[in-house]
1. Restricting the first residue to region A:34-62 and requiring it to be touching a residue at least 24 places away in the same chain (Cβ under 8 Å), which pairs with a second residue that is part of a helix (DSSP H, G or I) and surrounded by fewer than 19 Cβ atoms within 10 Å (Cβ to Cβ) meet a Cβ separation below 6 Å and a spacing of at least six or different chains?
2. Go through A:Gly449, A:Gly458, A:Gly436, A:Gly413 for me and flag whichever is on the phi > 0 side of the Ramachandran plot and crowded, with 20+ Cβ neighbours inside 10 Å.
3. Can you confirm whether A:Pro406 is over 15 Å from the mean Cα position of the chain (by Cα), more than 14 Å from chain B (Cβ to nearest Cβ), under 30 Å from B:Ala53 (Cβ atoms) and touching a residue at least 40 places away in the same chain (Cβ under 8 Å)?
4. Which one of these does A:Leu430 not meet: (1) more than 7 Å from chain B (Cβ to nearest Cβ); (2) buried (at least 23 other Cβ atoms within 10 Å of the Cβ); (3) under 30 Å from B:Val90 (Cα atoms)?
5. Go through region A:393-403 residue by residue and tally those that are touching a residue at least 24 places away in the same chain (Cβ under 8 Å) and surrounded by fewer than 18 Cβ atoms within 10 Å (Cβ to Cβ).
6. Filter region A:241-289 down to the residues that are under 30 Å from B:Asn60 (Cα atoms) and not acidic (Asp, Glu), then identify the one that is nearest to the chain's Cα centre (by Cα).
7. Take A:Gln388 and tell me if it is more than 7 Å from every other protein chain (Cβ to nearest Cβ), surrounded by fewer than 19 Cβ atoms within 10 Å (Cβ to Cβ) and under 28 Å from the mean Cα position of the chain (by Cα).
Amino acid sequence: MELFELTLHEASDLLRQHLISSTELTKAVLGRIEAVEAKVKAFVTLTPELALEQAHQADALLAGRAEPPSPLTGIPMALKDIICTKGIRTTCASRMLENFIPPYDAIVVERLRAAGAVFVGKTNMDEFAMGSSTENSAFYPTVNPWAADRVPGGSSGGSAASVSSGGAFYALGTDTGGSVRLPASFCGLVGLKPTYGRVSRYGLVAFASSLDQVGVLAKDVTDCALALQVIAGYDPNDSTSVDTPVPDYHRGLQGGLRGLRLGVPKEYFVEGMQPEVAAVLRQALDKLSELGAELREVNMPHTGYSLPAYYLIAPAEASANLARYDGVKYGYSDQKAEDLWDAYARTRGHGFGPEVKRRIMLGTYALSAGYYDAYYLKAQKVRTLIKQDFDQAFKDFQALVVPTSPTVAFRLGDKTGDPLAMYLSDVCTLTANLAGIPAISIPCGFVDGLPVGLQILGPPFAEDLLLRVAYAYEQATTWHRQRPRI
Amino acid sequence: MKLTVDQVRHVAHLARLALEPEELERFREQLSAILEYAEVLQELDTQAIPATAMVVPLENVMRPDQAGPSLPREEVLANAPQREQDCFRVRAILD
């Protein structure tokens, strides 16, 4: 077995036992990236010198110690290129920020640095996290490591592809409507979107501020728990961060499923779902019952309204957040304009790609005089109904189990001409963002050699419970051990 | 809801986006399709339902009014498309 094939916790164990060094691990991963990156295109920026320097520091820290400062010490990882890294270009896969070098670190990056993490690079994504396939990157699409003609999902497609192909042991992504979970599902990984407020968003480039959350992409549930432990917790820099204790996620994994009540909302088994995917999911649900959980159907009548509500709310927030790109303080700037107004319009017209412009237009329209009540306010009221469905369901069930996606990874180019078809990829994931609840996607089988994801949704701050359910399923199956052959 | 090209041009102006004529037409079609799809929300009676803008039960989060360190001026200005001395250079708005 090659070093880059290990999980985070396996690699961490070897480091602790001084059987390998972080420098060896890092060189193995950098070598792997060199071998596969031309095919996968997971990264926007690689930082091999920084990685080797951090590995060297980690080795100094680990030397002569029985316990490393953190399980993440000396482990190579990747960051989605929407998370600010001091001194390292942060592009959001946009021409607008192609040369932007942040003067500060996001809090999650600060916490990873303090834990002794090794940064191998910044990963590709849909521009400003708007998309479900990573094809909206202004630079190039990322390819699914499982099949050269398939998308990795999006928007954190580069993060997923890097971990899946052995270019990082784990990665951070962001999830506004499914952008961690969909790529996790398409690439055969574990992907967690924490509760809104669980992880600080300070230093994360804003897309839709009431929905955005930083999440983890990992090879298994244990790895996911270890990474979440480091990034979770209150941060006064983010006024939406919630000051509530962070449990020991790793210790909580072992609880098992016996006596847990899990709800199965049939509304998530949507029309147009691939029948083979539905069959794989039914088997996964049977497995959960077999392991001692009590599964019952539950009605969540407003689920079908989530997608239209989301695609008004998220673009509305985006249109406000992206107003800051004016070509004055940083970013792309059109210098040929006649006057200030013209400079704004040309900078934005040329600096943003088609999907970003489409969403700014949609959001601006939904917020504009005469349409605000009919679209934006209406969507926010429907958001209340969707949240109430969850509040109701969590009175009877500790968690809900649903598909992550109605299909396996689709073909590159299949949906680029039809924005609405692309939006429909998020139909099973965006409810968690609207309700602000945590959700995890875990591997639960294959259809035509492509991974399928099982999604578990829980009440606010129930990450420990989601990880426990996911771990119990994972221990009883082998899907998470499959790796793509590239 | 079918949008007209004039409506799309107006929204582009509000959003400060310079669009090519073919972009205006493409957005007219695509935004019309998306808004038509969103019409389904009108099925729901939401008269008595409050709007949700935020999902966490936080209100008026304050911090102590104490001055802290700012970002180094040079590092911030390093990203400026145009600078003049220690300032961002902008276009004149008055003749």
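The values are calculated or read from the model by the stated rules, or taken from the named source; none is laboratory data. Please read these numbers as outputs of a predicted model, since none were measured by experiment. Because the Cβ atoms are built from the backbone with ideal geometry, glycine has one as well, and the counts that use them run over all protein chains shown.
1. Pairs that qualify, where the first residue is touching a residue at least 24 places away in the same chain (Cβ under 8 Å) and the partner is part of a helix (DSSP H, G or I) and surrounded by fewer than 19 Cβ atoms within 10 Å (Cβ to Cβ), are A:Ala55/A:Thr23; A:Asp59/A:Thr23.
2. Every option except A:Gly436 fails the conditions.
3. Criteria met by A:Pro406.
4. All conditions are met except number (3).
5. Number of matching residues: 1.
6. A:Ser241
7. Yes: the conditions hold for A:Gln388.
Results for (1) crowded, with 24+ Cβ neighbours inside 10 Å; (2) farther than 18 Å from A:Leu228 by Cα; (3) in contact with a Ser or Thr (Cβ under 6 Å, 6 or more places away or on another chain), shown as yes or no for each residue.
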{"site": "A:Lys86", "(1), (2), (3)": "no, yes, no"}
{"site": "A:Glu110", "(1), (2), (3)": "no, no, no"}
{"site": "A:Ala114", "(1), (2), (3)": "no, no, no"}
{"site": "A:Tyr140", "(1), (2), (3)": "no, yes, no"}
{"site": "A:Phe169", "(1), (2), (3)": "yes, no, no"}
{"site": "A:Gly191", "(1), (2), (3)": "yes, no, yes"}
